[in-house]
Every structure is written in structure tokens, then in C-alpha cells.
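Enquirer: Could you have a look at this structure, given as C-alpha cells, before my questions?
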Amino acid sequence: MSNRLTKLLLVILSAGFSAWCLAWLFAGAWFCEPNAEDFSLAAKARDEGIIASTVSLLLTYDGRYFTNILHGVNPLAIGFTKGYKLMPVAGIFMFALSLFFMLNALLPAREYRPQLIFYSLIFTSVHFALTPSLPHDLYWMVSSFVFLYPWIFVFFWLGSFIHLQRASGNSAQKGWYLLTTLLLICGTGMSEMFLIVNAVALFFLSGYYFLQDKKRLHDVLPLAIIGIGCILLFILSPGIHHRASEFNEGRNILFTIQTIGYGTKDFFASLLNWTFRNPLMLPAALLAALYFPAKKPAAADKKMLFVLTVSLLLTAWLMTIPFYLFMGDHTGAYPNRIYTSVLTAYQLALTTAVILVVHYTNLSGFFRRFSYLRNYTAMVLLLGMFAGVLLSDNNISRLKNEYDTGILHQFKDEMELRYTLINHLNTDAPCNAVTLDALSNPPRTIWFPPDIESDRSHPHWNRAYELYFGIDEVRLYNDTTTISKILMNDAL
């Protein structure tokens, strides 16, 4: 088989694998709908204003200053409920684009660009196929602001910083520096876990330039100072201390140490599961090792790969600490949502580790000498990944199953019926009350509670619908507790 034909087949296989995964993810976006928390936070930002609602949340709930701003900068906040479906599409696109932007900054040579495009798409596809909670990561909007979007900002600010180092001309340098600074400020204010990610990235860059190029240290130090300021703004916000105090009742140092121990066990179990119990993660890392870099690395490059791999693994573990420190317990419940973000750090760590092993064992030299074998190996890996995503249990196969069994269609129909009933309310009535059906079988791939519960057992979520749609009462069929009865009892 000619070299040109094998390359064509590689392109077809890479594009086919990515297209299959992304098509199902986009299909999921078409069927996804907001939950009660989406409505609650969008209504707060819309009614109070973005600044007021952000300040309110910083004072009472958390320190996520930029995430709280995003609650008012999305389709729901402007009343465009159907635009909610665009948010997962934007998340997928921006995740792949930001990764490509960073990698292209690292490897700017034109010869790498096709591989970088396909690898970014494959990395994105594998990530969403394996993420422990697809709703938290992608389809639940306000959750994705905490677990997915921070990585997008990390990739963009790191890529922008790398471009800054290569920029020539004063105006270009100022432009890249301003962009890097803004992206860093935004990305740091999104999640407790990403205080750690950004701090480690800044520490790594500072250490690198201190040891390798002190003349460029002046580029990093102002960013480090800004980063520290953002972290302080986050952790000193009254809201985060108020929320932490709610979880810290009855906890002591021994309990916390034990909980972090449980978390460490969860962490290593997750790494083993991702690496060896699915046919996607390790082959994707091997694909990267086959093609990046194509030239023989120097000893310094190998050392840097080792340090980078260890730093990424350490970062992945440290990302779990905020949860186990304040919210973890001994029930053994696996916190799917935090591992959606940890997965990305581990994907990067495994990729750099495999590249390092390939170069240390001189397999890279072997494949450079026999390029046709490299292409055949890549084809086998891609075929295996394609078979794996079709035949194994993963988020893509689950999406397909819920589509084939009609679960996605039923969910969409039930939510649209809710909107129809709400929109046809008689606004002239003295009390605008609407009675809705409970969701019969919400899909696990694209939706996660909270939702309206019977008898206003958690009235905040009824209130979320009432505030967002501007109605007096939302209840479920067969509810025995209504607002009118509550008011009557209060009066008695």
C-alpha cells in the first residue's frame, strides 16, 4: 500500500471516529433541556442584573466570580430557552478549538497542523465518551461553567502566553499579554479546582523561566501576581466561607484526613479504569506519541516531558482535594462531577507519559525509520477505537441507546409540553397557577436534577420555575400541598 493511500486512510479513519462521536454529542444537544437550577440562576441574573447577582452570590454562596457572571450571559438569561441547546455545541467547539490553539502554539510548524486538528478532535471525542458525568460536563449549563469551561480558558491563556513568547513587535506583544491576562483572570474565577490548575501552571512557568531563561521571567511574574490576586479574591469571598461552614459541621482533622484518603483511593481507581478498562484512552495517547514530535527530541526535551507529566498527575490529584476537604464523606459515593475535570488533566498526563516512554525506548526512532509501519500502527489503533466506541459501554453508546429506545424523544416532548402549558396560562387570572407532569424517565446522558418535586418538598425548585416564567405557582399533578394551602395554614 502506498504511503499516500495510507495517509488518506488515516484521515478517513480519524475523521470518521471524530464525526461519529461528535454527531451523537450534537444530537444530545438537540434533546437537552434546562433543569431547575439553570432557571433559578438565569432568573436571578436577569432580574437583579449581572453585577448585583454576582455580588450576591459572592457574599452568600461561593467565590466563583466569573462563573456567576456567565449566569447572566447565556440564552436563558435573555429568555431564549431554545438557545439552551446551543450551549453544549459551543462547549464542544470551544473545548476542541482551545486545545488546538494551545497545541498549535507549542508546535507552530505547518507540517503539524493537520495532525493537531485531528488530534484535538480525537481528544475531545474521547473525553466526552469517557467523562464520568456527561450532564455535569456538557449538557447542564451552569454545571459546565464549573467543570468544562475552565479548561477552555486554561488552554486559551496558555496558548496565548506561548504566542507572547514568540511575538515580535511591541504592539503584538502588548496584544498577546493583554489577552493572556484577561483569560487568566476569567479562568481563575470559575471553580475551586481551577485555583489549583492555574496556580500550578503559573508555578511551572515561573520555575521554567527562572531555570532556563531569566530574561523572560518578567513576562511571568506580573501574571503570577495577578493570578495570586484572583485566587485571593476567590477564597476570601464571604460566600465560600459560608458554604464551607455548612459542610464542616461535625468534621475534625482526623475525619478530613480519612476523607482525603478515600479520595486518593477514588483517584487511583479512576486512573486505572480510564487507562486499562476501556479501548479509547490509551490508544489515543499512543496516537499522539506516534506523531508528536516527529523529530528526535534532545535530552532536555525528555526531562521537560518528565517534569510536565509529573506536574499534570500531581495537578489531577490536587484537583480532587477541595471536594474531599469540605464535602467528601465516608459513604463511598463516587463524586462523578469533579472527575469530569480531573479526566482532562489525566488525558494530558497520560499523553505526555506515553510520548516520553516511546522516546526513551527509542521506538520513535524505529517509527521514523519505517514510516509505513507507523501509519499501519495508527490505522490499527484508530480501528480499535472505532470498534471500542461502537461496542463498549461509553457515553456515546449510551446516547445512541437512549435515542434508539425513545427516551430522548420522550424527555423532549415532556419538557415542551411544560413550556406549552406555561405559555398558555391566563395572565388575567387572580392567581396564575400551572399544574405540570413529573418527568417520567429523564435521560441519564443529557439531564441531571434538580427538578420540581411533589408537594413542594424542595420549594426552591418550584420557585425557580415561578420566578423564571413569571407565574404565581407551579405544582405537580397529585400534589396535596399548594401555596394557597400553605398561606391558609400560616393564617390559622
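The values are calculated or read from the model by the stated rules, or taken from the named source; none is laboratory data. Note that the structure is a prediction, hence the values are computed from the model and not measured. Note that each Cβ is placed from the backbone with ideal geometry, even for glycine, and that neighbours are counted across all protein chains shown. The area values use the complete protein model at the heavy-atom level, side chains included, leaving out ligands, DNA and RNA. Shrake-Rupley method; radii C 1.70, N 1.55, O 1.52, S 1.80 Å.
Enquirer: Just a yes or no: is a residue in the range 185-201 open to solvent by 40 Å² or more (accessible area, probe 1.4 Å), touching a residue at least 12 places away in the same chain (Cβ under 8 Å) and over 22 Å from residue 311 (Cβ atoms)?
Expert: Among the residues of the range 185-201, at least one is open to solvent by 40 Å² or more (accessible area, probe 1.4 Å), touching a residue at least 12 places away in the same chain (Cβ under 8 Å) and over 22 Å from residue 311 (Cβ atoms), which makes the answer yes.
Enquirer: Still on this structure, I have one more. Do you know which residues across the range 181-221 are farther than 27 Å from residue 320 by Cβ and either modelled with pLDDT of 95 or more or among the hydroxyl-bearing types (Ser, Thr, Tyr) (or both)?
Expert: Within the range 181-221, 181, 182, 209 qualify.
Enquirer: Looking at residue 208, is it open to solvent by 60 Å² or more (accessible area, probe 1.4 Å) and touching an Asp or Glu at 6+ places or on another chain (Cβ under 9 Å)?
Expert: It is false that residue 208 is open to solvent by 60 Å² or more (accessible area, probe 1.4 Å) and touching an Asp or Glu at 6+ places or on another chain (Cβ under 9 Å).
Enquirer: Same structure, new question: For the range 461-477, which residues satisfy the criterion of being aliphatic (A, V, I, L, M), open to solvent by less than 60 Å² (accessible area, probe 1.4 Å) and under 20 Å from residue 79 (Cβ atoms)?
Expert: Selection gives 464, 471, 474.
Enquirer: If residue 23 meets every condition in (1) within 18 Å of the chain's Cα centre (by Cα); (2) closer than 21 Å to residue 133 by Cα; (3) among the hydrophobic types (A, V, I, L, M, F, W, C) apart from one, which number is that one?
Expert: (1)
Enquirer: Where in the range 2-69 are there helices (runs of 4 or more DSSP H), lying wholly inside it, with at least 2 residues that are of a type in the set (S, T, N, Q)?
Expert: 3-31, 50-60
Enquirer: Where residues in the range 149-199 are of a type in the set (S, T, N, Q) and more than 16 Å from the chain's Cα centre (by Cα), which of them is nearest to residue 128 (Cα to Cα)?
Expert: 160
Enquirer: So, one more: Quick one: in the range 165-205, which of the residues that are aliphatic (A, V, I, L, M) and part of a loop (DSSP other than H, G, I, E, B) is nearest to residue 104 (Cα to Cα)?
Expert: 167
Enquirer: Kindly provide the set of residues from the range 378-389 that are more than 11 Å from residue 280 (Cα to Cα) and open to solvent by 50 Å² or more (accessible area, probe 1.4 Å), ordered by number.
Expert: 380
Enquirer: Considering only the range 58-78, state which residues are under 24 Å from residue 26 (Cβ atoms) and loosely packed, with under 15 Cβ neighbours inside 10 Å.
Expert: 73, 78
Enquirer: Of all residues in the range 164-175, count the ones that are closer than 17 Å to residue 103 by Cβ and either surrounded by fewer than 21 Cβ atoms within 10 Å (Cβ to Cβ) or charged (D, E, K, R) (or both).
Expert: The total comes to 2.
Enquirer: Please verify whether residue 129 is assigned to a helix (DSSP H, G or I), open to solvent by 10 Å² or more (accessible area, probe 1.4 Å) and modelled with pLDDT of 95 or more, treating the condition exactly as stated.
Expert: Here the answer is no, as residue 129 does not meet what is asked.
Enquirer: Which of the residues spanning the range 339-356 are over 15 Å from residue 308 (Cβ atoms) and either open to solvent by 10 Å² or more (accessible area, probe 1.4 Å) or among the hydrophobic types (A, V, I, L, M, F, W, C) (or both)?
Expert: 342, 343
Enquirer: Return yes or no: is residue 100 open to solvent by less than 10 Å² (accessible area, probe 1.4 Å) and within 20 Å of residue 184 (Cα to Cα)?
Expert: no
Enquirer: Okay, moving on. Quickly run through the range 206-221 and pick out the residues that are free of Cβ contacts under 8 Å to residues at least 12 places away in the same chain, part of a helix (DSSP H, G or I) and of a type outside the set (Ser, Thr, Tyr).
Expert: Answer for the range 206-221, where residues must be free of Cβ contacts under 8 Å to residues at least 12 places away in the same chain, part of a helix (DSSP H, G or I) and of a type outside the set (Ser, Thr, Tyr): 207, 210, 211, 212, 214, 215, 217, 218.
Enquirer: A follow-up question, please. Tell me the residue from 422, 486, 471, 452 that is β-branched (Val, Ile, Thr), at pLDDT 90 or above and assigned to a helix (DSSP H, G or I), please.
Expert: Of 422, 486, 471, 452, the one residue that is β-branched (Val, Ile, Thr), at pLDDT 90 or above and assigned to a helix (DSSP H, G or I) is 422.
Enquirer: While we're here: Take the conditions part of a helix (DSSP H, G or I) and open to solvent by less than 80 Å² (accessible area, probe 1.4 Å) and apply them to residue 257. Does it pass?
Expert: It is false that residue 257 is part of a helix (DSSP H, G or I) and open to solvent by less than 80 Å² (accessible area, probe 1.4 Å).
Enquirer: Within the range 438-460, how many residues are open to solvent by 30 Å² or more (accessible area, probe 1.4 Å) and closer than 23 Å to residue 29 by Cα?
Expert: 7
Enquirer: Also, I was wondering about something else. Counting only residues that are assigned to a loop (DSSP other than H, G, I, E, B) and at pLDDT 90 or above, which one in the range 222-254 is surrounded by the most Cβ atoms within 10 Å (Cβ to Cβ)?
Expert: This residue is 237.
Enquirer: Taking only the range 321-378 into account, find how many residues are among the hydroxyl-bearing types (Ser, Thr, Tyr) and either modelled with pLDDT of 85 or more or in contact with a strand residue (DSSP E or B) (Cβ under 9 Å, 6 or more places away or on another chain) (or both).
Expert: 9
Enquirer: A further question on this structure: So which residues in the range 18-40 are open to solvent by less than 30 Å² (accessible area, probe 1.4 Å) and either farther than 30 Å from residue 114 by Cβ or not aliphatic (A, V, I, L, M) (or both)?
Expert: Hits for the range 18-40 are 18, 21, 28, 31, 32, 33, 34, 35, 36, 38, 39, 40.
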